[in-house]
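Student: Pasting a structure below so you can have a look.
The values are calculated or read from the model by the stated rules, or taken from the named source; none is laboratory data. Predicted model only: the values in this text are computed from it and were never measured. Reconstructed Cβ throughout: ideal geometry from the backbone, glycine too, with neighbour counts over all protein chains shown.
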Amino acid sequence: MKFFLGKMKGGARFEQAEEPGGRDQLKRQVNALYNLVANLYGSDKLVLRAGKLNALQLMRSDLLEERVLALQRLVHEDPTIDNVPELAEIPEILDRLEDEIADNIARRSVEEEIEKKINDKLQQKHEDYVKEIRMQVMKESTGPENAQTLKKLAILEKMEQKKLARTAMEYLRPSRLDEIVGQEQAVRGLTAKLASSFPQHILLYGPPGVGKTTAARLVLSAVKEMKGSPFAKEAPFIEVNGTTLRWDPREITNPLLGSVHDPIYQGAKRDLADSGVPEPKLGLVCDAHGGVLFIDEIGEMDPILQNKLLKVLEDKRVFFDSSYYDPHDPNVPRYVKKIFEEGAPSDFILIGATTRDPEEINPAIRSRCAEIYFEPLTPADLRKIVSQAVDKLEVELGDGVAEVISEYTIEGRKAVNILADAYGMAVSRGSGAAGENIKIIMQDVYEVLQASRLSPYVIRKASDGFEVGKVFGLGVHGFLGSVLEIEAVVFPARKEGQGTIRFNDTAGSMAKDSVFNAASLIRKFTGEDLSSYDLHINVVGGGKIDGPSAGVAIFLVLYSAIKEIPIPQNLAVTGELSIRGGVRAVGGIPEKIYGARQAGIKRVLVPGENHKDVPGGLKNINVLPVSTVEEVLDDIFGDKVKGRPVN
């Protein structure tokens with residue numbers, strides 16, 4: 001069989017020719033290898049490959065040795081192989097070439113398989129990409145909505161159309177500064193501190209429901225309209241309650257100062273999380289930049305959070321930190337980089353309101369703030385508040401309704417709530433629609449008071465009469481003063497010189513000390529030895545007297561009972577009593593005067609050392625400073641105690 005390579009259209013072909021002997025076997029083996037090579041590279045590429053390797057003429061040679069040489073060049077891709085092999089060398093060369101061709105075929109098969117997989121992957125990626133582009137185009141044209149989201153949107157919009165009336169507090173809340181009743185001095189002080197070219201941080205003290213929050217909001221609005229105001233027209237008023245401020249010591253969340261959301265656990269924005277960039281979340285101190293941050297019940301805030309707030313007040317910036325932040329990361333947006341490296345601006349005025357005593361507030365915060373005190377509301381103030389609310393409701397008020405409401409609360413907010421509830425009672429009782437021919441009568445108010453289980457706030461009332469062994473003392477709790485009704489009776493001792501003194505155990509140990517101090521002064525000013533009497537001193541209602549301020553009152557009630565001299569019942573006294581007859585200073589003078597005024601007291605005796613603590617502009621009450629027991633007796637009893645001591 002004879003093989004030879006001839007030119008054909010589209011490639012090479014092999015023809016057989018028989019030759020006898022072992023050479024024929026070698027020729028058939030060589031032809032088989034040429035067929036494998038042709039199948040490996042393809043007929044056309046094989047001819048081109050042979051031309052490049054100077055093997056084309058050798059392939060067409062009739063000599064077996066030259067054809068083997070050409071096969072070596074094709075398989076090894078080396079045109080420099082020039083040694084024509086001897087016939088004896090050919091079997092070994094063919095064995096090596098077979099191994100090489102087998103390796104090439106195996107490699108080619110693997111490459112083709114890998115290439116096929118690559119092509120399949122590329123095709124899949126291409127289809128996915130086209131699909132993603134198609135979905136993106138659809139989203140851009142139709143938005144992120146689907147049937148479920150559109151249904152929920154429709155439900156929300158339907159809910160928006162259903163509205164009840166505004167709450168009473170929202171409707172009746174003061175909308176102008178002149179509607180804030182009973183706090184004229186506080187409003188002036190607040191305005192002066194905000195309108196200054198150098199506005200100050202402020203702490204507002206006072207009982208609840210007297211208008212602290214409303215005053216702060218309205219004062220800022222008024223100051224923004226002033227010429228040369230430090231606040232811009234768009235200056236914000238950010239309001240938050242200190243009792244609701246919660247924060248994590250790890251700074252995972254802090255609504256007041258802000259926090260950082262890392263890209264792994266806390267869910268930063270997708271565009272930041274994908275690139276591993278932490279996201280700073282600005283807090284309320286940044287929202288209040290350029291305006292006022294109002295923290296109600298600031299005394300209830302976490303102490304550590306208060307100290308962190310102090311740092312912001314000092315720096316006028318809030319700083320953030322995160323272990324995920326890399327300043328050299330090119331994926332970090334410029335605004336994130338600026339916040340981490342420079343901090344966020346937080347230049348605002350802090351206004352904190354509290355119902356706590358000043359001593360309970362963080363001293364560091366107090367040292368940085370001006371302090372303004374809001375006064376408790378008087379019955380007259382409450383009646384005016386009720387009258388304003390009636391005008392807004394456009395209803396008629398029955399006789400005595402405002403007076404009754406003022407007796408059951410000391411808060412303006414509570415008074416408005418009682419009126420609003422009574423308004424509802426009147427509407428449900430009448431046949432007309434709300435706001436049409438409605439009259440609030442006493443019965444409506446009493447139904448509200450009974451349903452709410454309210455009792456009169458001021459029980460003890462002053463009178464214009466005189467009584468023996470009864471006097472009004474003054475106490476204070478928080479920002480509220482109260483009247484203490486103290487009474488005494490005196491009996492001759494059952495055994496001569498073995499008289500007893502009985503006093504409320506619940507009144508407190510310091511009040512008992514005041515009794516013994518008063519007993520010493522009774523002996524000094526009357527010549528009477530209390531061992532000759534059985535005395536019973538009572539604080540009506542069993543109230544506890546915190547401190548020695550009832551000393552003067554206890555002395556007076558004992559003096560009146562022993563000497564049987566009546567005491568005016570429109571008078572109240574306060575002051576610590578020394579055993580030498582001096583009247584010493586006590587605390588809470590403004591609050592005590594307020595409590596006396598609430599009870600209808602016309603005259604109050606206070607220690608001379610407290611004269612500077614008496615508020616100015618008092619109406620319907622006379623405050624007299626006294627420094628000794630003699631001054632107290634002269635002022636109250638006058639000529640009845642001339643020629644002391646009395647035997």
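Student: Name the single residue that is surrounded by the fewest Cβ atoms within 10 Å (Cβ to Cβ) among those in region 75-89 being β-branched (Val, Ile, Thr) and under 21 Å from Lys45 (Cα atoms).
Tutor: Thr80
Student: With respect to Phe525, determine if the residue is among the aromatic types (Phe, Trp, Tyr), over 48 Å from the mean Cα position of the chain (by Cα) and modelled with pLDDT of 85 or more. Write out each step before concluding.
Tutor: Working: among the aromatic types (Phe, Trp, Tyr): yes; over 48 Å from the mean Cα position of the chain (by Cα): yes; modelled with pLDDT of 85 or more: no.
So Phe525 fails the test.
Student: Thr244 fails exactly one of the following numbered conditions: (1) over 30 Å from Asp321 (Cα atoms); (2) out of contact with any Asp or Glu (no Cβ under 8 Å at 6 or more places or on another chain). What is the number of that condition?
Tutor: (1) is the only condition that Thr244 fails.
Student: Somewhere in region 293-302, is a residue at positive phi, acidic (Asp, Glu) and either in the same structural domain as His201 (by TED's automatic domain parsing) or at pLDDT 80 or above (or both)? Explain how you work it out, then say what you get.
Tutor: In the first step, residues of region 293-302 are kept if they are at positive phi; the result is 297.
Next, only the ones that are acidic (Asp, Glu) stay: 297.
Imposing the further condition that a residue be either in the same structural domain as His201 (by TED's automatic domain parsing) or at pLDDT 80 or above (or both) reduces the set to 297.
Yes, region 293-302 contains at least one residue that is at positive phi, acidic (Asp, Glu) and either in the same structural domain as His201 (by TED's automatic domain parsing) or at pLDDT 80 or above (or both).
Student: Can you list residue pairs whose Cβ atoms sit under 8 Å apart, with the first residue in region 599-618 being outside the structural domain of Gly481 (by TED's automatic domain parsing) and at pLDDT below 90 and the second being not hydrophobic (A, V, I, L, M, F, W, C) and not in a loop (DSSP other than H, G, I, E, B)? Count only pairs 6 or more apart in sequence or on different chains.
Tutor: Taking only residues 6 or more apart or on different chains, not a single pair turns up.
Student: Among strands (runs of 3 or more DSSP E) lying entirely in region 192-268, which contain 2 or more residues that are under 24 Å from Asp302 (Cβ atoms) and at pLDDT below 90?
Tutor: Counting at least 2 such residues, we get 258-261.
Student: Here is a further query. Any residue in region 372-390 that is at negative phi sitting within a Cβ distance under 8 Å of a residue that is among the acidic types (Asp, Glu) and in a helix (DSSP H, G or I)? List the pairs, counting only those 6 or more apart or interchain.
Tutor: Final answer for the pair search is Pro376/Glu591; Pro379/Glu403; Pro379/Glu407; Arg383/Glu403; Gln388/Glu179.
Student: Every residue in region 199-240 that is without any contact (Cβ under 8 Å) to a residue 24 or more places away in the chain and not charged (D, E, K, R), please.
Tutor: Ser221
Student: In this structure, is Ser514 crowded, with 20+ Cβ neighbours inside 10 Å and either in contact with an Asp or Glu (Cβ under 8 Å, 6 or more places away or on another chain) or among the small types (Gly, Ala, Ser) (or both)? Step through it out loud before you land on a result.
Tutor: Details: crowded, with 20+ Cβ neighbours inside 10 Å: yes; either in contact with an Asp or Glu (Cβ under 8 Å, 6 or more places away or on another chain) or among the small types (Gly, Ala, Ser) (or both): yes.
It is true that Ser514 is crowded, with 20+ Cβ neighbours inside 10 Å and either in contact with an Asp or Glu (Cβ under 8 Å, 6 or more places away or on another chain) or among the small types (Gly, Ala, Ser) (or both).
Student: Take Glu100 and decide whether it is in contact (Cβ under 8 Å) with a residue 24 or more places away in the chain and surrounded by 11 or more Cβ atoms within 10 Å (Cβ to Cβ).
Tutor: yes
Student: Could you count how many residues in region 373-426 are within 27 Å of Ala596 (Cβ to Cβ) and either among the basic types (Lys, Arg) or part of a loop (DSSP other than H, G, I, E, B) (or both)?
Tutor: Final tally of qualifying residues: 14.
Student: For the condition at pLDDT 85 or above and surrounded by 16 or more Cβ atoms within 10 Å (Cβ to Cβ), what is the one hit in Val68, Val37?
Tutor: So the residue among Val68, Val37 that is at pLDDT 85 or above and surrounded by 16 or more Cβ atoms within 10 Å (Cβ to Cβ) is Val68.
Student: Also, I was wondering about something else. Which helices (runs of 4 or more DSSP H) does region 280-371 wholly contain that include 3 or more residues that are in contact (Cβ under 8 Å) with a residue 24 or more places away in the chain and farther than 17 Å from Gly258 by Cβ?
Tutor: Qualifying helices (runs of 4 or more DSSP H): 363-368.
Student: Can you find, within region 400-424, the residue that is surrounded by the fewest Cβ atoms within 10 Å (Cβ to Cβ) among those that are within 14 Å of Ile440 (Cβ to Cβ) and of a type in the set (Val, Ile, Thr)?
Tutor: Val404
Student: Would you point out which residue out of Ile565, Ile554, Ile589, Ile579 is crowded, with 24+ Cβ neighbours inside 10 Å and over 30 Å from Tyr205 (Cβ atoms)?
Tutor: That would be Ile554, the only listed residue that is crowded, with 24+ Cβ neighbours inside 10 Å and over 30 Å from Tyr205 (Cβ atoms).
Student: Suppose we keep only residues that are over 16 Å from Val395 (Cα atoms) and of a type in the set (D, E, K, R) within region 407-462. Which one would you say is modelled with the lowest pLDDT?
Tutor: Arg460
Student: Suppose we filter region 203-238 for residues that are in contact with a strand residue (DSSP E or B) (Cβ under 6 Å, 6 or more places away or on another chain) and more than 29 Å from Tyr408 (Cα to Cα); how many remain?
Tutor: 3
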